[in-house]
Amino acid sequence: MAKLSADQAKRRMADVPGWRRVAGEMPSIRKQYELDAFVSALKFVNKVGRLAEAANHHPDITINYNKVTLLLTTHDAGGLTEKDFNLARQIDESTKRR
């Protein structure tokens, strides 16, 4: 999948509210979710894992008690692609069904 230019990625940010662009050598998008407890955070991570497996696109995940931070980038492309924004949107849609 083709890497998005900085302008393309900036425009795509409107489709994923709450996510932030992370600049650097490997541009990415990041979002932190706050759940009500550690067990809820684990359940959320498992849900994200199922979505990631289905998309064959895997985020970096950090769990700090009830907070889950997701970082998406397409390593093979060297930055952001449509895969990142598609998975971010799917994750956000899944949180509405919690």
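A short reminder: the numbers here are calculations on the coordinates, not readings from a lab. No experiment lies behind these values; they were computed from the predicted model shown. Cβ coordinates were reconstructed from backbone atoms using ideal geometry, including for glycine residues, and neighbour counts include every protein chain displayed.
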Electrostatic dipole magnitude of the chain [Cβ: Lys, Arg +1; Asp, Glu -1; Cα centre; debye, to 20]: 280
Radius 13 Å from Cβ of HIS75, net charge of other residues (Lys, Arg +1; Asp, Glu -1): -2
Rel. contact order, % - alpha carbon contacts under 8 angstrom, at least six apart, the chain: 34
FRET efficiency estimate (nearest 0.05) - Cβ-Cβ, ASN64 to ARG89, R0 25 angstrom: 0.55
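Let me have the 222 nm mean residue ellipticity of the chain computed from DSSP H runs of 4+ only, each contributing -39500 (n - 2.57), with the sum over all residues rounded to the nearest 500.
On the way: 3 runs with 39 residues, N = 98.
Counting only the DSSP helices, I get -12500 deg cm²/dmol.
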Furthest towards positive pole of dipole, LEU87, PRO59, ALA6, structure part the chain, Cβ charges: LEU87
Interchain or long-range residues, amide H under 5 Å from THR74's placed H: GLY79, LEU80, THR81
Using alpha-carbon coordinates, inclination of helix 82-95 to the longest axis of the chain, degrees: 20
Reference-scaled alpha-carbon Rg (2.2 N^0.38 Å with N residues) for the chain: 1.04
